[in-house]
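In what follows, a single structure is set out as structure tokens and then discussed.
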Amino acid sequence: MGGREFRWGERTFVMGIVNVTPDSFSGDGLGDNTDAAVRQGIKMREDGADIIDIGGESTRPDFAEVPADEEMRRVVPVIARLRHELDIPISIDTYKAEVAKAAIESGATLVNDVHGFLHEPEIAGVAANADVPAIAMYNHRGRKFRDTIGNVVEGLLESLDVARGQGLPKGQIIVDPGFNFGWKDDQALEMIRRLGELRVLGRPILIGTSRKSTIGNVLGGLPVEDRLEGTAATIAIAIANGADMVRVHDVKQMARVARMADAVVRPDGRPSGRDRNSEAAAP
């Protein structure tokens, strides 16, 4: 990605979140302040981020969809400036093919789709044509529940099938189970406990628990700004259970959590036995 090699399983990679929105659930939306977004991206790199994820539309529950031209107006200037300031990949958080194309042309080298290519299948084709990888997230909103990991695997297999039809190889896809996207709290927590079962897909796993509502609910209704410790706990356990990348707001703190968790899970800096065995058995 972006000229950098990501050796999955050897350590956990950290994705820093930059929200160029006025209505982020986490309270960190920067609206139209391009300068602030660029500064935040640079600071996250200094704090240990491996990727910066730029988003121009909130995905909070009951969010209002932003027209593609407005979303591009928000994200393109930030990406265009950060590409000259950073030596790490820039990701575009969008489910719109038009926005993804503009972002890639501006310097993004990863597409992060919260609908797993199902809202606009053409977005997978955009990534394929540009020869950049993509993240397929399973979005449980509006779906019938059967089994937490069963639902996720079924949905992500659908995403992989769509990607194949658009010419995007499986080897260029990272999967995300979609923590808190349509789940009840007990289901979201079960997802973390059973995260390793997603190894059946044979793809790297990203998870984004940072500041999410389940953490606030478990800890007695804590507001977003008080969910740091809860986020750290979910990150550490997710890494122990197979996460390859974590998407976070608090990069400095969560990069330290990841390093500590890796020291336990991957003490020799190589893929753990769990990772090697599961990759070898993956279809």
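The values are calculated or read from the model by the stated rules, or taken from the named source; none is laboratory data. As the structure is a prediction and not an experimental result, all values here were calculated from the model. Calculation scope for accessible area: heavy atoms of the full protein, side chains included, ligands and nucleic acids excluded. Shrake-Rupley method; radii C 1.70, N 1.55, O 1.52, S 1.80 Å.
So how exposed is residue 46, as accessible area in Å² (1.4 Å probe, rounded to 10)?
Residue 46 has an accessible surface of roughly 130 Å² with all protein chains in place.
Stokes-Einstein D for region 1-141 at 4 °C, 1.567 mPa s, Kirkwood Rh over Cα pairs, in µm²/s?
Answer from the Stokes-Einstein relation: 86 µm²/s.
Given only helices, namely DSSP H runs of n ≥ 4 each adding -39500 (n - 2.57), what is the per-residue ellipticity at 222 nm of the chain, to the nearest 500 deg cm²/dmol?
Calculated from helices alone, the mean residue ellipticity at 222 nm is -13500 deg cm²/dmol.
If I take all pairs of Cα atoms in region 109-168, what percentage of them are more than 20 Å from each other?
Value for region 109-168 (Cα pairs over 20 Å): 23 percent.
Taking a quarter of the surface of the Cα convex hull of the chain, what do you get in nm²?
Working: hull surface 52.7 nm².
If I average the Cα hull's projected area over directions, I get 13.2 nm².
At what distance in angstrom do the alpha carbon centres of region 129-189 and region 54-121 lie from each other?
18 Å
Largest first, what is the accessible-area ranking of 45, 81 with a 1.4 Å probe? Before the final figure, lay out the partial values.
Details: 45 70, 81 105 Å².
Solvent-accessible surface, decreasing: 81, 45.
Past the 12 angstrom mark, what percentage of all C-alpha to C-alpha distances in region 31-94 do you count?
Working: 1359 of 2016 pairs.
More than 12 Å apart: 67 percent of the Cα pairs in region 31-94.
Looking at the calculated P(r) for region 143-283, what percent of the C-alpha pair distances fall above 17 Å?
62 percent
At q = 0.18, 0.22, 0.23, 0.25 Å⁻¹, what base-10 log of I(q)/I(0) does the Debye formula yield for region 116-217 when every alpha carbon is treated as an equal point scatterer in vacuo?
Taken in order of the listed q values, log10 I(q)/I(0) reads -0.81, -1.11, -1.18, -1.32.
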